[in-house]
1. Against the conditions (1) at pLDDT below 95; (2) touching a Leu at 6+ places or on another chain (Cβ under 7 Å); (3) under 30 Å from B:I64 (Cβ atoms), where does A:G410 fall short? Just the number, please.
2. Any chance you could count how many residues in the range A:269-293 are within 14 Å of A:K421 (Cα to Cα) and free of Cβ contacts under 8 Å to residues at least 24 places away in the same chain?
3. Working only within the range A:187-225, note down all residues that are under 19 Å from the mean Cα position of the chain (by Cα) and among the hydrophobic types (A, V, I, L, M, F, W, C).
4. Just wondering, is there one or more residues in the range A:363-376 that are outside the structural domain of A:P321 (by TED's automatic domain parsing) and in a helix (DSSP H, G or I)?
5. So which residues in the range A:106-124 are over 16 Å from A:P340 (Cα atoms) and surrounded by fewer than 24 Cβ atoms within 10 Å (Cβ to Cβ)?
6. Find the helices (runs of 4 or more DSSP H) located wholly in the range B:121-183 whose residues include 2 or more that are within 13 Å of another protein chain (Cβ to nearest Cβ) and in contact with a Ser or Thr (Cβ under 8 Å, 6 or more places away or on another chain), and list them.
7. Pairs needed: first member in the range B:36-47, aromatic (F, W, Y); second member anywhere, modelled with pLDDT under 95; C-beta distance under 8 Å; at least 6 residues apart or different chains.
Amino acid sequence: MFDRKNLMKLLALTMLVSLLASACVATPPQAAAPAGEQPAAAQPAAGGEQITLRWANIIDATGQEQWKAVVDAFQAKYPNIRVVSESTAGSGAAIYPDVLKTSIASGSPPDLFFMWGGSIAQPFIDAGQVMDLGPYYDKFGWHGKFAPWVVERIKSDGKLYGVPYHALGMGFWYNKTLWNEKGWSVPTTFAEQEELCAKMKEAGMYCVSIGGKFGWHTMRVLDYFLEHHCGPELHDKLNRLEERWDHPCVIDSYATFQKWIDNGWVVPDFLTVSPDDSRFPFFAGEAGLVLEGVWYEGVLKNNEQNIADYDFYLPPTDHTPLRFSAFPEQWMIPSGAAHPDEAALFIDFITSPEVQTQFPINDFANSATIGVNPDCNEWPLTCKWREIILSAEDTYPPTDQAFVKELMDGFFEVQDAIVAKRMTPEEGAALMQRRVEEWQAR
Amino acid sequence: MSTITDELLPNRPMRRRKRIRLTPYLFLAPALIWYLIFLVYPMYQSLVISFMRWDGLSADIQFIGVENYRRIFFEDDTARLALRNNVLWTLGTLLIPTTIGLMLAVALDRKLRGRTVLRAIFYGPAVLPLVAVGMIWAWMYNPQFGFINYVLKSIGLGFLARGWLSVYETALPATFLTAVWGGVGFPMVLYLAALQAIPQEQYEAAKMDGANSRQLFWNITLPWLREANVIVFSLAVINSFKTFDLIYTMTYGGPGRSTQVLGTWMYFHAFQYYNAGYGAAIAWVIAAITLVMAIPYIQRMSRD
């Protein structure tokens, strides 16, 4: 039998713990110490002193296996440095920045870490938690080592807080074997792109498959429409918030998105489908296109697709130069790193063309380092991408690397409402402009 | 040393009482210290942060008074939407899983063949991690390949098939259905324990007086479950306001922001938007609302 006294004690205890736990959920770590002085590009610890280099990344188990040879080679060259990989794999940009933020704010940052570009990296720069790597660029001769647009893209206020790692571009991937059977060809104008979608619909297929769960997969298609309707100059101004988001070209972009959905060109009900799951209609031949990046050749291989069946093209925008969505990934060194010089030495090693050529691991296939080329027999489409990416005259960033996350979620909110037709294009553009103004006011 | 001296002085009861008062605290001390360091101090810290503007990273922290709280209630549309969703979630939780849990407990309290297995089956989902549950159900709801639409199409109800998590109107109810599936087992076990504690003589006496099943339930079973109800309802309210895992894994707060709850909105601000102060303020709003909603009920039940 329940003894009332004991029951109430138990209940009170349970309540208290539950309540207190709910208040603790958001307890952030202690404030980080102010960013330290930028250390000079000193000589790394030589000889005797044994150093453990903490290396934060998102490399998965397969990748870690491949990286082992590279790390072993570094450790053989510098026997006093032991590299310890601290991986947060599988979450993409959803959790890794949180893990990093917590370790930095708690005063125990890694010695170097992986980071995307643009607005994902910017909070770390704004908080003074990463080093200006200018002195290391001079010391190690990194100027001219990487694709110029990648270097420009990772700059913040003219300073370089990171070292380019990957240069990644995105385009429409398609099954060329299927297309040959249907007699379809790669479009060269936006009108041809829409004609192609109409043909796919007539053939009982969808034109494009999207996984809208986190917003960014849908965003790629909307970014494409913005590039087409607004043109490069205006698109860049929108991304920099130098132009109003209720501009007619934004309204046209939203209207085009709704047209694609109304015409049945997009696999329906995709708003909370995981981006990874969007590949299944594509593999099954139910959708003709996916808007994916250079990494998609690896995805095709992992899903046992025949690479010879597939190809990609840059979505036609009707503008010159033909810009495509592209973004960099980089290595950064925290201001509070225990061994910044050794971290820079490690970065220099793993980004060198000699090392990347000697160890042709998957992660180097999309390298930002000039002069590194993957095995074109093994990676034919990646090879084709590299030529495009490294010679690109200009590219545009995915909006989620142009906007801070809070504003970006406003973008996603409007985007979802447009897709679900809960707003007209005019209402969507007006709300987006309001979100921009609210954010700017804060 | 003084306590030993006290013990040797049996004729001085006042001092002896002092010793008795101290001893329990000494036993409590290790747990109390742990509690103060790992629970009370972080709570205090998060309360302080809730009055600050802070990105959670830099040393730049500004005191802004109650501005974060003002923003939650008067400026932030999404916070109000999240609060509404939490209230709906709470009402649903108080009604549906608890009722189903009670019905299952009553059914499984009887002598049925295989009732142990049935209890394990119904309790099973309660021990699964909510993240795993969310991922499994998100797959089941997949508009193209999901089990639910497949079944609907197979039985001639294809017109009902839809993107359950992608449609604004169905996303929150569909997520809540998952919570019901995973949340029935816990109240069932609590009610089962309480049912087994009811003296059988009362049922026998009532039956001899001619009471039917409904009268037995209303006049004996339910009054005896009053204390179990305190636990079940209180935890239902608290857990409903702490809802996070299922929303995060199944909808990520979408489509749009339609399934945001205070827990996810707090997480988004504290960790993704670099608004640690605002996130802490939302956390304290969650704690305060839970306290306000749960404590009066407990007090009333205690008086009874």
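The values are calculated or read from the model by the stated rules, or taken from the named source; none is laboratory data. Quick caveat: nothing in here was measured; it's all calculated off a predicted structure. Methodologically, a virtual Cβ is constructed for each residue, glycine included, from the backbone with ideal geometry; neighbour enumeration extends over all protein chains shown.
1. Exception for A:G410: condition (2).
2. Of the residues in the range A:269-293, 1 are within 14 Å of A:K421 (Cα to Cα) and free of Cβ contacts under 8 Å to residues at least 24 places away in the same chain.
3. Passing the criteria: A:I210, A:F214, A:W216, A:M219, A:V221, A:L222.
4. yes
5. Answer for the range A:106-124, where residues must be over 16 Å from A:P340 (Cα atoms) and surrounded by fewer than 24 Cβ atoms within 10 Å (Cβ to Cβ): A:S106, A:G118, A:S119, A:I120, A:A121, A:Q122, A:P123.
6. Once the helices (runs of 4 or more DSSP H) in the range B:121-183 are filtered for at least 2 residues that are within 13 Å of another protein chain (Cβ to nearest Cβ) and in contact with a Ser or Thr (Cβ under 8 Å, 6 or more places away or on another chain), what remains is B:130-140, B:168-183.
7. none
One line per residue, one yes/no per condition, for (1) buried (at least 17 other Cβ atoms within 10 Å of the Cβ); (2) at pLDDT 95 or above; (3) not in a loop (DSSP other than H, G, I, E, B):
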residue	(1), (2), (3)
A:W149	yes, no, yes
A:T188	no, yes, no
A:E192	no, yes, yes
A:M200	yes, yes, yes
A:G211	yes, no, no
A:E243	yes, yes, no
A:I251	yes, yes, yes
